[in-house]
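Data first, discussion second: the structure below is written as structure tokens.
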Amino acid sequence: MTGRLSIAFARLLAALALGGCAVMFAMMLVIVGDVALRNIPVPGLPRGLAWSNEVSELMLYLTTVLVAPWLLRQGQHIRVDILLTAMPPRLAWYFEWLGDALGLACCLFMAWYAARAAWASYAGGALNIKTLVTPEWWSLAPLPLMFALLAVEMVFRMQRLQGAERAPRRDAVSAA
């Protein structure tokens with residue numbers, strides 16, 4: 001049962017990562033369109049897209065939110081593993097557990113805190129006022145979801161670690 005849940009969750013994360021790629025592609029189109037319009041005068045069209053920087057920033061943020069859980073699943077997140085490779089394998093395995101437990105606690109706390117911040121922004125009617133005027137909670141809403149997905153992945157990581165050899169993860173260790 002847990003294996004099927006893990007596979008379904010992996011598919012969800014892959015779909016979100018693909019969505020992140022689509023957002024990145026759309027961001028590229030916005031930037032190219034802005035640069036082209038600024039440099040090639042086209043009658044009837046504006047000289048550049050005034051909102052392109054703001055939208056590009058939000059798209060970069062959204063790409064990060066969409067791809068982060070998939071990167072954690074793949075073991076491609078930022079990781080300093082020099083100590084794990086230098087210590088005895090069994091001790092390194094315990095440190096993997098400690099790291100995963102701390103990661104889970106941090107993800108749960110951040111999901112809770114981000115949900116509180118998004119709700120407070122929604123309840124207070126806060127606005128982002130730049131070139132575009134948007135409700136602030138729109139940009140905050142993806143954060144609790146991302147951290148909740150990261151927390152779920154941390155649980156699956158811990159499950160995989162329990163069934164693995166008593167050594168540091170090989171899929172996430174950069175040293176040979």
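Some values worked out for this structure:
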{"quantity": "Contact order relative to length of the chain, as percent, for alpha carbon pairs under 8 angstrom and 6 or more apart", "calculated": "26 percent"}
{"quantity": "Difference of contour (0.36 nm per residue) and Cα-Cα distance, I31 to Y113", "calculated": "26.2 nm"}
{"quantity": "Alpha-carbon Rg/Rh ratio, for the stretch 109-176, with Rh computed the Kirkwood way", "calculated": "1.26"}
{"quantity": "Estimated 222 nm signal from helices in the chain, with DSSP H stretches of n ≥ 4 weighted -39500 (n - 2.57), rounded to 500", "calculated": "-25500 deg cm²/dmol"}
{"quantity": "Per residue convex hull volume, Cα atoms of the stretch 1-138, in Å³", "calculated": "166 Å³"}
{"quantity": "Largest-first ellipsoid semi-axes for the stretch 58-176, taking √(5λ) over the Cα gyration tensor eigenvalues, angstrom", "calculated": "36, 14, 10"}
{"quantity": "For L127, distant residues with modelled amide H under 5 Å away", "calculated": "E136"}
{"quantity": "Solvent exposure ordering (accessible area, 1.4 Å, most first) of W70, W93, W112", "calculated": "W112, W70, W93"}
{"quantity": "At most 13 other Cβ within 10 Å, DSSP loop - GluC sites (Glu not before Pro), the stretch 128-165", "calculated": "E165"}
{"quantity": "Most fluctuating residue given options P43, P135, P69, as computed from a GNM of the chain linking Cα atoms under 10 Å", "calculated": "P43"}
{"quantity": "Heavy-atom accessible area per residue - the stretch 30-125, 1.4 Å, Å²", "calculated": "64 Å²"}
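The values are calculated or read from the model by the stated rules, or taken from the named source; none is laboratory data. Bear in mind that the values here come from a model prediction, so they are computed numbers and not experimental data. As a convention, Cβ positions derive from the backbone with ideal geometry for all residues, glycine included, and neighbour counts pool all protein chains shown. Note: accessible area is taken over every heavy atom of the protein model, side chains too, but ligands, DNA and RNA are not part of it. Shrake-Rupley method; radii C 1.70, N 1.55, O 1.52, S 1.80 Å.
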